[in-house]
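The values are calculated or read from the model by the stated rules, or taken from the named source; none is laboratory data. The model shown is predicted, which means the values in this text are computed figures rather than measured ones. Every residue, glycine among them, receives a Cβ derived from its backbone with ideal geometry; neighbour counts consider all protein chains shown.
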Amino acid sequence: MNELERFADITTFIFDVDGVLTNSQLIILEDGGLLRQMNVRDGYAIKRALEKGYRVCVITGGKSQGVVSRLQGLGVVDIYYGVQDKVEAYREFMDLYDLDDEHVLFMGDDVPDYEVMRLVGFPTCPQDACPEILSIAKYVSSRCGGAGAVRDVIERTLRLHGKWLPDDPADALPTSV
C-alpha cells in the first residue's frame, strides 16, 4: 500500500493537543496560567473536514478551557479533556458512534498517546514526535506539531476524495477562525 492509499479509508480524525495542535511549548504566566499557540491553518482544515462530513475528536490530558473554547469555535463537539486514560476516552468515543478502528486516523506525539495509537487503523504523528511514537506511526508528517501537521493529514485525506477544494467556484469555503 502506498502512502496516499493509507488515507483512503479514513472517516474520523482524532488528535492530541499539546505537541500536535500546539508546538508543545507553554508560556507560564506569573499567576500560573498557561498559554498555548495553535496554527490557524490547522483550524481551517478541521473546519473543512467537519463540513465535509468527517468526524473530528480531540483527546487530551490538558485542562485548558481556552483550548476547549477554540475547538468548539471550530465546530468540534467531541472533546475529551483532562483525560487520565486516553484508551478509555477513545473507546467511549468509538462506542458512542459505533466506529471501526480501521477508519480512524489518530495523531499523537508523546508516550501518553502510545496505547491509543496501537489501537487505531492509521496512527500518525508530527515530525517532532518522541522516538517511541515515531517508531509506531504509519505516517510521519513533514510538519511539526503546531506547525501544520494536523492540516497535512486532513488535507491529504480530503484531497484524495476530492473534498478539499469546492466542486463549484460558487461553493463557499469555510473561513478561518
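The number of residues in the range 126-136 that are without any contact (Cβ under 8 Å) to a residue 40 or more places away in the chain and buried (at least 21 other Cβ atoms within 10 Å of the Cβ) comes to 1. In summary, helices (runs of 4 or more DSSP H) completely within the range 73-177 and bearing 3 or more residues that are acidic (Asp, Glu) and either farther than 15 Å from residue 14 by Cα or more than 14 Å from the chain's Cα centre (by Cα) (or both) occur at 86-97.
Starting from residues that are modelled with pLDDT under 95 and part of a loop (DSSP other than H, G, I, E, B), keep the ones in the range 6-17 and report whichever is nearest to residue 101 (Cα to Cα). Checking each candidate, the answer is 9.
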